[in-house]
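Below is one structure, written out as structure tokens; the observations come after it.
Values quoted throughout were computed directly from the atomic coordinates according to the rules given, and no laboratory measurement underlies them. These numbers come from a predicted model, not from an experiment. Every residue, glycine as well, gets a Cβ built from its backbone with ideal geometry; the counts of neighbours run over all protein chains shown.
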Amino acid sequence: MNQKSKHWLLILTGASAGLINGFFGGGGGMVIVPLLMCVCAFLRKSAHATALCVMLPISIVSAIIYAINGSFDFNLILPVTIGFTIGGIIGALLLNKLNEKWIKYAFSIIILVAGIKLLFF
């Protein structure tokens, strides 16, 4: 694949994840990681790390749009942000320590549990 084709493939991958993140208010990482691995041939750790980096600007833009539309509970922002930041730091540190196999299992279990919860609860 030439560089121009790869560039457009990455843009389409990002657009797909951004659409899902913007529509559902999250979850783009569940899409972009498999897309980066399968479509763009990223290694698992690189796909997860890249997803973390691209989710910040996507989340900021989505949050601004949700705030403009009055969809925020501003009383929850600070405590959730604190917890999310702590969890994100721990997760990023764990990503560097775990091997590919355990990352694959953990990610698969999280997606499976989330899917079952969405279907039945």
Going by average Cβ density within 10 Å per residue, which order do the peptides 112-119, 29-36 take, highest to lowest? 29-36, 112-119
Only Lys, Arg, Asp and Glu count, each charged at its Cβ (+1, +1, -1, -1), so figure out the dipole size of the chain about its Cα centre, rounded to 20 debye. 460
Please compute the Cα-Cα pair-distance distribution of the chain with 10 Å bins starting at 0, giving whole percents from short to long. 12, 37, 37, 13, 1
Can you list the chymotrypsin sites (Phe, Trp or Tyr not before Pro) in the stretch 21-72 that are in a DSSP coil and have 14 or fewer other beta carbons within 10 angstrom? Phe72
Lys/Arg +1, Asp/Glu -1 at C-beta; the chain dipole; positive extreme among Asn2, Ala92, Pro34: Asn2
Among Ile20, Ile60, Ile77, whose mean-square fluctuation peaks in a Gaussian network model of the chain (Cα, cutoff 10 Å)? Ile77
How tilted is helix 100-120 with respect to the longest principal axis of the chain? Cα atoms for both, answer in degrees (0 to 90, nearest 10). 50
Cross-link reach from Lys104 to lysines, straight Cα distance under 18 Å and at least 8 residues apart if same chain, gives Lys45
